[in-house]
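What follows is one structure encoded as structure tokens, with my remarks underneath.
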Amino acid sequence: MKQLLLALGLIFATCPALSFAAETPPAAAAAATGSPVAGAAAGTAASPAASPAASPAANTAASPAANPAASPAANPAAAPAAGAKTQAKPAAPATPGTVPQVQVVTSMGSFTLELNAERAPLTVAHFLKYVDQGQYTGTLFHRVVANFVIQGGGFDANYKPKPAPVKVVNESGNGLTNSRGTVGMARSQDPHGSDAQFYVNLYDNEALDPNKTRWGYAVFGKVVQGMEVVDRIGNVATGSRGPFKEDAPLQPVVIQRIERVAGP
């Protein structure tokens, strides 16, 4: 509840016109992408209003003119089929049978992510494409909410948005839940609006999972080494920095690079 209230305060501070309309359910897009919908009922205890308030929104500091969709509110006009058609051509899914891992090297230490290409093939391929392009080098963990999430990958060291034009189809109905230590894709109010920003759950955040009336936030991996570093980042002092009025680390936490490492 504490983390929901914290995030609610952030969103109302940055998105005063926020709407809590219900999103299109994830089942249709899951069918279109071949993803199972076992996770669709995982967040049924969370109301549609509660989840967007707690969600990791992409580009939360962008102005309405620059990014009018930059809030985690629902977008009733974004039907799964139409959303899928407007996506840029997705990267090829990761090779079946492999277990890709990446190391996130930050100014506060390193941690390793194991990516689930079986449950989230499009999201993993999307994330790895940005990794291989060096998209994350020199970006920030620009949002830290204790006992909720750390979020980064979208702003450079000068707090300027880093262009990330390629989006990915929402795979939140893949059966993976937003439990502590998992990694997911942040997004705008568009269910298919995830670009390069990602977040790591510091807590079991069921409110970010999908249910029958709304989309969730797609989990695509988990921390397998260095969770103490994630917790250290999650406990830094936060406040106003750059364009952010709150929840920004007062001492910048820089993502020096993200690189592939040998998996099991």
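For the peptides 157-168, 180-191, 203-214, the ranking by mean Cβ contacts within 10 Å, running from highest to lowest, is 180-191, 203-214, 157-168.
For segment 136-212, the relative contact order comes to 32 percent (Cα pairs under 8 Å, sequence separation of at least 6).
The numbers here are math on the coordinates, done by the rules we state, and not lab data. Note that the structure is predicted; figures quoted are calculated from it, not measured. Backbone-built Cβ (ideal geometry, glycine too); neighbour counts: all protein chains shown.
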